[in-house]
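Heads up: the structure comes next, in structure tokens.
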There are 2 protein chains.
Amino acid sequence: MAASNEQYPPDFSDERGLALISDIIDWQINHGSLLKHIDPETNFPDDPSQCYPVGVTVFPTLFPREQFDRACGLQTIYNELYCAMAEDEQWIFEAIRDLIPVDPLAAALWGIHEEVKKVGYAQKVSVGIFRSDYMLDGPGAEFPLEPGKSFDGSLKQVELNTFSCAGATNANKAAEMHRYFTRTNAYDTGNGHPINISLAALPPNNNIASLSGCLATAHDTYGSKKSVVATETAVLFVVQPNNFNIADERPLEYALWDRDPPIPAYRVNYPVDLLQYTTLTESRELLFHPPWLGSKCVEISVAYMRAGYETHEYDTIGREARLRIELSMAIKCPSLLAHICTFKRVQCALTAPGALEHFIPASKAALIRSTFVSMYPLDDSDAGARARRLATDPELSQNYILKPSLEGGGHNIFGEDIPDFLASLPESQWGAYILMERIRSPSVSNVLLSSSGLDSGGVISELGVFGTCLWREGTEGRHCEMLQNSVAGWSFKTKHEDVNEMSVVKGYGCFDTPLLF
Amino acid sequence: MAASNEQYPPDFSDERGLALISDIIDWQINHGSLLKHIDPETNFPDDPSQCYPVGVTVFPTLFPREQFDRACGLQTIYNELYCAMAEDEQWIFEAIRDLIPVDPLAAALWGIHEEVKKVGYAQKVSVGIFRSDYMLDGPGAEFPLEPGKSFDGSLKQVELNTFSCAGATNANKAAEMHRYFTRTNAYDTGNGHPINISLAALPPNNNIASLSGCLATAHDTYGSKKSVVATETAVLFVVQPNNFNIADERPLEYALWDRDPPIPAYRVNYPVDLLQYTTLTESRELLFHPPWLGSKCVEISVAYMRAGYETHEYDTIGREARLRIELSMAIKCPSLLAHICTFKRVQCALTAPGALEHFIPASKAALIRSTFVSMYPLDDSDAGARARRLATDPELSQNYILKPSLEGGGHNIFGEDIPDFLASLPESQWGAYILMERIRSPSVSNVLLSSSGLDSGGVISELGVFGTCLWREGTEGRHCEMLQNSVAGWSFKTKHEDVNEMSVVKGYGCFDTPLLF
């Protein structure tokens, strides 16, 4: 990538660079592009009022427009695919059957599903806020900046998240920020520079409006309150206690309240407060009556899950809390089976021949499949045997990543570390992991700004596309009926090329905006 | 105030109170209602990215609607008065003549004025962003909450600020915050409670739109660029370096850029960067060409002063910087003489018989005068002699405050501390102070939330009314011609009743919203 690295980002003087950085920090402070401080001992905010800007790139990062458009174009197909999967209990069970004995989260979720099945799900409609993540593949691919030439690498999917998808608000704000500095000429390099940062090259991002709009549609779909003791219906944000990343959650609440007419949106900590402050009526309305609503009691139309994705959240209390939500009439974002579809093992199962065609037409399946890299379960199948050979070989393993079925960040094993890691693990536990071909992105240059300071150099980016959808359990042989299916917006995260992890809120990368060329 | 204290604020359970406080902190983080951390050693931000919420009241604070409306109604008269004063050099000189030898800031500003006069002011139009501060007077006055009864105290002016008026944005956000919690029923106490916090009782506050709108009008009034080397005109925010209170300044810049068409707004540190990055053309256009604008050079239409109010800012470099601004064609916010009108000594001079009538019609003067308390210079006049008797008497001094001519916060001497303070000062320095009758506000109850924690109890509030105006030097015997004259919005600050100082950003009080009754 020598060619573009010489041309981009613009080479600012120290004085100009420092002025820009000061402007960026102030913009973030004024626009809630912030994280709460975390006590490194407890991993929780030590003082919930202390905050600092989330990591962002100083400049937008080059990204081929064709691949950006392609990713966005795929999202409604991915939505359709995952909605259909989420209604195919048998298929999901086949996909995760081997996982259940070795993955306590899979076991807990499947157990809750079986519990609910005994009495039947009360709500046929579900809502999805999904995020499909991609990287550019082709380490030596060129980013040709001359008109008419196109990027010769391709776009590969890292994962598809169906549950508690984070980063939408942070990404929305980063996009607004880079647009602000473009509008105010802060990036202006004069006419002589080969790459012009213009608004036309920065895609707009409307995640906050899209995601809150999707929750609003679900709320409306729920209809009027059924319970006589409730005063009204409301959306419930089910959240983790002491979250340090509230700037990613809260704006969705504010956006619901800001609608005309306003949609009441409340939040509750999962699982303790949820159990304490909700009740299920006989007809399974979910009522919410915390002390901070005074004597008021609201009926939950939509349970938007921003908690319940970690194993430790499913102790006895956690299971009971999730069971209550799943038993209820509330529309879940997402449904329990849609949640399970976020497992890597499910992603892996989709790479099997014919798997996609089970859910979507062949023409759409081909488009989706073109974004797949090789994935293998580490089980006793033929594919599993091949995966074991690849994973235990110090040479071959370099091209792979070992991922626990539910990633959650920070638990992946990269390349040459895989053989030793597996050797340290009883073979009975290997089934909890999948082996995935490593995506090698071409490096471009940028300047990263985070709490650890400035970092200039080669970077690689991950593009996430947010999809929102509303679906109803299918009838007459169809998996599901799509009630709404949209591309909501995107997230774009960039990290130093030598860092394996990508988690901005944990300090491994920066929110960013693609500079499309 | 026993009556209202029993009824207000609502008595929330600990659980409900903690939930509300958590919601408040998150709202502030998400809406830029923040301050940067300050290193207590240097008084500057130690790390410019670390921030925390500005102090706010948990509930809005009771305030009589009649007095709020009265204060707002007076503002256009105050605007008119101060614009007229600002064009009467002789009157101002008489008012501060004795101050010049003892107050280095007064001496510096007057010196710059005399310098500019030698060549003449190049710009006849000025813009004002003023803030008139009031407190309720009448320590035993009742806050009758029954309909039809009115507050039996009165409204008295604390001071009128003409320069670098802070708090507009912070106040705007506090008002939005209390409105948000009202809209979302967080204050809802059910039907049984005597005081209902409703949107109708909370006045809206549009400071950000009003102040930026006023700067925009001034920008338009300046007209097109005169210099051939400039690419465009722009508003310049002249600011103090390393400001910790950027959340009060930046939103005005953003609002200018957000206009359609956008108005370019840049900021420059005073005085060093201002001297380095501006030049004055022969025809006195003020050009701005910092390294962060690349090769671009803009012509300053409006110089909005948020720096230059402290004595230490007028060393040789500071004087040169201010002189350059004042010599320029740029419309100043405010003019140098309008700046001098912010001195307490000028406020004191206005209390002299006939002073107001020199500028405004008698009917308007009477309305203004009704907000005055007694003020005395500590000079050799008859009034001064009386002031010395009051100030040096341990008994009598209790009803007074001793204020340096330019307050700037933190330098007032209260009541019984005055005699000892004056005794410690050479009498030749006494002329730098004025003695002002103390305003005794009735106490009401509220809960204050600041970085030092929660504080429940008796509180008193200060209402500031923001006025914006644009005026041209008068002709044919008139002091000035008003081109625009508006009430912009308000600030409302509340502190514990036992604390003398009122400075939210220094931790002595909280931004608040009046709950009008």
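The values are calculated or read from the model by the stated rules, or taken from the named source; none is laboratory data. Only a predicted model underlies this, so the values are computations on that prediction, with no experimental measurement involved. Virtual Cβ from ideal backbone geometry, glycine too; neighbours counted across all protein chains shown. Ligands, DNA and RNA are excluded from the accessible area calculation, which covers all protein heavy atoms including side chains. Shrake-Rupley method; radii C 1.70, N 1.55, O 1.52, S 1.80 Å.
A Cβ-based charge dipole, computed about the Cα centre of the stretch B:139-190 with Lys and Arg at +1 and Asp and Glu at -1, lands at about 200 debye.
Mean per-residue shielding of peptide A:329-335 is 0, counting Cβ atoms of other chains within 10 Å of each Cβ.
Shielding by partners for peptide A:14-26, expressed as the average number of C-beta atoms from other protein chains within 10 Å of each residue's C-beta, is 5. Think of a 1.4 Å ball rolled over the protein heavy atoms: chain A then has 37 Å² of accessible area per residue. Accessible-area loss of 30 Å² or more (1.4 Å probe, protein heavy atoms, chain alone versus all protein chains) is found in the stretch A:246-261 for A:Ile246, A:Arg250, A:Tyr254, A:Trp257.
May I ask which residue of A:Gly128, A:Phe59, A:Ser301 lies farthest towards the positive end of the charge dipole of chain A, with charges of +1 (Lys, Arg) and -1 (Asp, Glu) on Cβ and the Cα centre as origin? Final value for the positive-end residue is A:Ser301. Near the amide H of B:Trp490, within less than 5 Å, lie the amide hydrogens of B:Asn206, B:Asn207, B:Phe466, all on another chain or at least 5 residues away, with H placed in the peptide plane. What whole number of Å gives the distance from the Cα centroid of the stretch A:1-60 to the Cα centroid of the stretch A:442-465? Comparing the Cα centres of the stretch A:442-465 and the stretch A:1-60, I get a distance of 11 Å.
For the stretch A:64-114, a crude dipole built from +1 on the beta carbon of Lys and Arg and -1 on the beta carbon of Asp and Glu, taken about the Cα centre, is about 240 debye to the nearest 20.
Across every pair of non-identical alpha carbons in the protein assembly as shown, the mean reciprocal distance, once inverted, gives a Kirkwood radius of 31.7 Å.
For the listed peptides A:254-263, B:242-251, a ranking on the average number of other beta carbons within 10 Å per residue, highest first, reads B:242-251, A:254-263. Peptides A:218-227, A:430-439 ranked from most to least packed, by the mean per-residue count of other Cβ atoms within 10 Å: A:430-439, A:218-227. The apolar share of the surface of chain B, taken as the fraction of accessible area on carbon and sulfur atoms (1.4 Å probe, ligands and nucleic acids excluded), comes to 49 percent. When the protein assembly as shown is described by a simple charge dipole with +1 on each Lys and Arg Cβ and -1 on each Asp and Glu Cβ, the residue from B:Ala488, A:Ile112, B:Gln28 located farthest towards its positive end is B:Ala488. Quickly estimate the mean residue ellipticity at 222 nm for chain B, helices only: each DSSP H run with n ≥ 4 gives -39500 (n - 2.57), and the total goes over all residues, rounded to 500. The per-residue figure over chain B is -10000 deg cm²/dmol.
Among the residues of A:49-59, the average count of other protein chain beta-carbon atoms within 10 Å of the residue beta-carbon is 4. For B:Glu159, the amide hydrogen comes within under 5 Å of the amide hydrogens of B:Asp133, counting only partners 5 or more places away or on other chains and with H modelled in the peptide plane. Indicate the gyration tensor shape class of chain A (rounded, prolate or oblate), computed on the Cα atoms with a ≥ b ≥ c the square roots of the eigenvalues: a/c under 1.5 is rounded; otherwise a/b larger than b/c is prolate and the rest oblate. Oblate, because a/c is 1.5 or more while a/b does not exceed b/c. Short-range pairs are left out: with C-alpha atoms under 8 Å and at least six residues apart, the relative contact order of chain B is 26 percent.
Among the DSSP beta bridges whose two residues both lie in the protein assembly as shown, what percent are antiparallel, rounded to the nearest 5? About 75 percent, rounded to the nearest 5. For the stretch A:107-174, the alpha-carbon radius of gyration amounts to 1.85 times the rule-of-thumb value 2.2 N^0.38 Å expected for a compact globular protein. Listed by chain and number, the lysines whose C-alpha is less than 17 Å from the C-alpha of A:Lys117, apart from same-chain residues fewer than 8 away, are A:Lys332. If R0 equals 45 Å, the separation of the Cβ atoms of B:Asn196 and B:Leu396 corresponds to a calculated FRET efficiency of about 0.55. Taking Cα centre as origin and charging only the Cβ of basic (Lys, Arg, +1) and acidic (Asp, Glu, -1) residues, the dipole magnitude of the stretch B:374-437 rounds to 100 debye. Of the DSSP H helices in chain B, those that are both long (alpha-carbon extent of 20 Å or more along the helix axis) and hydrophobic (Kyte-Doolittle mean at least -1.0) are B:14-30, B:65-86, B:104-119, B:207-222.
Between the stretch A:105-150 and the stretch B:286-344, the alpha-carbon centres lie 55 Å apart. Between amide H atoms placed 1.01 Å from N, distances below 5 Å from B:Ser374 occur with B:Glu437, all of them 5 or more places distant or on a separate chain. Peptide packing: for A:479-491, B:329-341, B:96-108, the average count of neighbouring Cβ atoms within 10 Å per residue gives the ranking B:329-341, A:479-491, B:96-108, highest mean first. Rounded, prolate or oblate: which fits the stretch A:374-437, taking a ≥ b ≥ c as square roots of the Cα gyration tensor eigenvalues, rounded meaning a/c under 1.5, else prolate when a/b beats b/c? Verdict is rounded for the stretch A:374-437. The B-A contact accounts for approximately 3700 Å² of buried accessible area, totalled over both chains at a 1.4 Å probe radius. Where a ≥ b ≥ c are the square roots of the eigenvalues of the C-alpha gyration tensor, would you call the stretch A:314-408 rounded, which needs a/c under 1.5, or, failing that, prolate if a/b is larger than b/c, or oblate? Oblate is the answer for the stretch A:314-408, as a/c is 1.5 or above yet b/c matches or exceeds a/b. Between the listed residues B:Pro419, B:Gly384, B:Ser397, the Cα displaced farthest toward the positive end of the dipole of the stretch B:374-437, a dipole computed from Cβ unit charges relative to the Cα centre, is found at B:Gly384.
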